[in-house]
Structures are given as C-alpha cells and as structure tokens.
Amino acid sequence: MLVLPRYKFERDDTHPEGRRYFVPAANKWMFSVTNQIDKGADKSGLADWRAWKGEEAADKITFVAQARGNRLHKSIEDYFEKGVLPPYSFLHSAYWNSIFPYLQTITHACLIEGSVWHPDGVVGTPDFVGQHTCDPEGFYALDDWKSADRPIDESKPAGRLKLYGYKLQLAAYTAGLNHTYADFGLNIRKANLLVAIPNQKYQHFILEEEELKQLFYHFKSRAHYSR
C-alpha cells in the first residue's frame, strides 16, 4: 500500500496579509490556499453577523470554533497514527461521535496533514489521503474534516457560499497533492468533505474528478485576483 512522505513547509502567521508558507521547490514564500480563497470571498454576511453579535461575542464564538476544529483534527490524527480514541469531553465528544462512523470506513491512511504545493498558487496542508471501503482497491481519495453546530444549509445563500469556499479548497489541495507526489504516481480523482455535527450524523459532500477540475479553474482565477 502507498505511504507518502510527509513534508512540512515553514509557516509564517505574522505577515500582515495572512498565512504563508515557504516552498523549497519554488524557492519562495506563497500565501496559503485558505488565505487566497478568503481574500476573494464576499464578507458582507460575516460583517453583518459580527455587527449583530457584537465584536466580543463574535470573537469568542470564532475562538471556540477554531479550538473545536483543531481538537477534532488532532483526535483524528491520533486515531490513525497511534490507534487511540480521544478521552471523553463534554465539549468535543459529540463532534467525534458524529464523524467516527465515517472514519471506520477508511482502510488505509497514506498521508495525514502533509504540506503540498502547485505552481498555480497552491500551498497548504490537506487533512488526509487514504483508501476507503466504498472505493476500488488502490483508489486514493482526499478527505477534509470540518465541524459545525448545525448542518450546512444549501438552500440558503450563506450555506452555498460556505460550501463553495470549502470546495475550492479541496480542488486546490487535489491539484497540490497530484503535483507534489507526481513521482509517487499519486492521482487523486475524488475528494470527500466531512462535516461533524453534534448529536447528528456527519454531512458528506463528494467531489468527483470533473467537478474538481472545474473548481480548480475557479481557484486559479481567485488566486490570480489575490496577488
């Protein structure tokens, strides 16, 4: 089974324009995928939300959401690398219980949290690449872990906008993986977006090859706009 080396690019979170990584193969600093998607996003809804909640309350909610996401990622990483389950937590176990049934469909992990890049403006750290029971033998797919207090509602503009940003991220990471690991024969043609929701089954959005290719064109336009 394929096991990929895990690269870790030097990261800079102090730049005034946002997170960037130093890419040795390109010998330059590049802004992260999430940074570039965020730069070109419509933030009017976020500004309205912050005004409605108030800055202090909005900052607290954002901090809790980031901490929750980091905890979920670390728990998944420990599960696959060390074979351990996370201890019970009143705040976090509900998210883990939501996504755990999906994790049990994964039969092999070949990359966890490794840095990738692509000359068309891609640099970042995809969550996971592995094999799954629903796919043919030898087929590798990208997984991305998210968490939310409620399901993404595609019937509402805010839900569609959020989902579109997530999909752009997955398309960029797919291109980055295939470029970074080309010498290993990696060819990702499917991406899974998983959203852990407390006391509910996870949401699962599947992006197939043609959609990933089309979305990567969208990302490249966004990346060019952000430069």
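For the range 179-193, name all the residues that are part of a helix (DSSP H, G or I), of a type outside the set (F, W, Y) and in contact (Cβ under 8 Å) with a residue 40 or more places away in the chain. Can you show your working first?
Of the residues in the range 179-193, the ones part of a helix (DSSP H, G or I) are 179-180, 182-184.
The next check asks that each one be of a type outside the set (F, W, Y); those that pass are 179-180, 182-183.
Correct list: H179, T180.
Step by step: first the residues of the range 153-168, then only those that are of a type outside the set (G, A, S) and open to solvent by less than 20 Å² (accessible area, probe 1.4 Å), then the one that is nearest to the chain's Cα centre (by Cα). Which residue is that?
Start the filter on the range 153-168 by keeping residues that are of a type outside the set (G, A, S), which leaves 153-154, 156-157, 160-164, 166-168.
Adding the requirement that they be open to solvent by less than 20 Å² (accessible area, probe 1.4 Å) leaves 163, 168.
Values: L163: 12, L168: 10 Å.
It comes out as L168.
Identify, by number, the condition in (1) among the basic types (K, R); (2) assigned to a helix (DSSP H, G or I); (3) surrounded by fewer than 16 Cβ atoms within 10 Å (Cβ to Cβ) that R150 doesn't meet.
(2)
Check whether at least one residue in the range 121-141 is within 18 Å of the chain's Cα centre (by Cα), closer than 30 Å to E10 by Cβ, modelled with pLDDT under 95 and open to solvent by less than 90 Å² (accessible area, probe 1.4 Å), and report yes or no.
yes
Which residue pairs have Cβ atoms under 9 Å apart, sit 6 or more places apart or on different chains, and have a first residue in the range 127-139 that is in contact (Cβ under 8 Å) with a residue 60 or more places away in the chain and within 21 Å of S75 (Cβ to Cβ) and a second that is of a type in the set (A, V, I, L, M) and open to solvent by 50 Å² or more (accessible area, probe 1.4 Å)?
Q131/M1
Please determine whether any residue of the range 194-208 is among the charged types (D, E, K, R), loosely packed, with under 15 Cβ neighbours inside 10 Å, farther than 25 Å from F31 by Cα and without any contact (Cβ under 8 Å) to a residue 40 or more places away in the chain.
Initially, the range 194-208 is screened for residues among the charged types (D, E, K, R), giving 201, 208.
Subsequent filtering for residues that are loosely packed, with under 15 Cβ neighbours inside 10 Å retains 201, 208.
From what's left, farther than 25 Å from F31 by Cα: 201, 208.
Now drop any that are not without any contact (Cβ under 8 Å) to a residue 40 or more places away in the chain, which leaves 208.
Yes, the range 194-208 contains a residue that is among the charged types (D, E, K, R), loosely packed, with under 15 Cβ neighbours inside 10 Å, farther than 25 Å from F31 by Cα and without any contact (Cβ under 8 Å) to a residue 40 or more places away in the chain.
Run Y102 past the list (1) over 30 Å from K28 (Cα atoms); (2) surrounded by fewer than 17 Cβ atoms within 10 Å (Cβ to Cβ); (3) touching a residue at least 60 places away in the same chain (Cβ under 8 Å) and report the number of the one that doesn't hold.
Just one mismatch for Y102, condition (2).
Is at least one residue of the range 5-20 surrounded by 14 or more Cβ atoms within 10 Å (Cβ to Cβ), modelled with pLDDT of 90 or more, of a type in the set (S, T, Y) and out of contact with any Gly (no Cβ under 7 Å at 6 or more places or on another chain)?
no
So that you can scan it fast, the table gives a plain yes or no per residue for (1) at pLDDT 95 or above; (2) polar (S, T, N, Q); (3) loosely packed, with under 12 Cβ neighbours inside 10 Å:
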residue: V23; (1), (2), (3): yes, no, no
residue: W29; (1), (2), (3): yes, no, no
residue: Q36; (1), (2), (3): no, yes, no
residue: W49; (1), (2), (3): no, no, no
residue: N70; (1), (2), (3): no, yes, yes
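The values are calculated or read from the model by the stated rules, or taken from the named source; none is laboratory data. The shown structure was predicted, so the numbers you read here are calculated from the model rather than taken from an experiment. As a convention, Cβ positions derive from the backbone with ideal geometry for all residues, glycine included, and neighbour counts pool all protein chains shown. Surface accessibility is based on the protein's heavy atoms, side chains included, excluding ligands, DNA and RNA. Shrake-Rupley method; radii C 1.70, N 1.55, O 1.52, S 1.80 Å.
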